[in-house]
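The values are calculated or read from the model by the stated rules, or taken from the named source; none is laboratory data. Note that this is a predicted model, so its numbers are computed, not measured. Neighbour counts run over all protein chains shown; Cβ positions are idealised from the backbone, glycine included. Note: areas computed on protein heavy atoms with side chains; ligands, DNA, RNA excluded. Shrake-Rupley method; radii C 1.70, N 1.55, O 1.52, S 1.80 Å.
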Amino acid sequence: MGAKVLERFPAGSPRGSWPAEEYAARRRAEGLPATVVMDLRSDAFLVVVPANEED
């Protein structure tokens, strides 16, 4: 099973700021099963959704 990246956020956000989590919460409110994962290679948080078989 793969995942589709909706958005990337740098890991160095200001203290108390969670832009990836906030973005994912807005997508979940729209009905998308958005999840935040950490990409260690790029030092970024990714907001992902499960990929469709057609993608």
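Brief remarks follow.
- Residue identified as assigned to a helix (DSSP H, G or I) and charged (D, E, K, R) among 21, 7: 21
- In the condition set (1) at positive phi; (2) in contact with a Phe, Trp or Tyr (Cβ under 9 Å, 6 or more places away or on another chain), residue 43 is compliant with all but (2).
- Candidate set from region 34-55 (those that are closer than 18 Å to residue 8 by Cβ, of a type outside the set (Asp, Glu) and assigned to a loop (DSSP other than H, G, I, E, B)); member that is modelled with the lowest pLDDT: 51
- The set of residues in region 24-37 being open to solvent by less than 70 Å² (accessible area, probe 1.4 Å) and more than 15 Å from residue 4 (Cα to Cα) consists of 25, 31.
- Cβ pairs under 8 Å, 6+ apart, first in region 38-51 and surrounded by 12 or more Cβ atoms within 10 Å (Cβ to Cβ), second of a type in the set (Ser, Thr, Tyr): 47/23; 47/35; 48/35; 49/35
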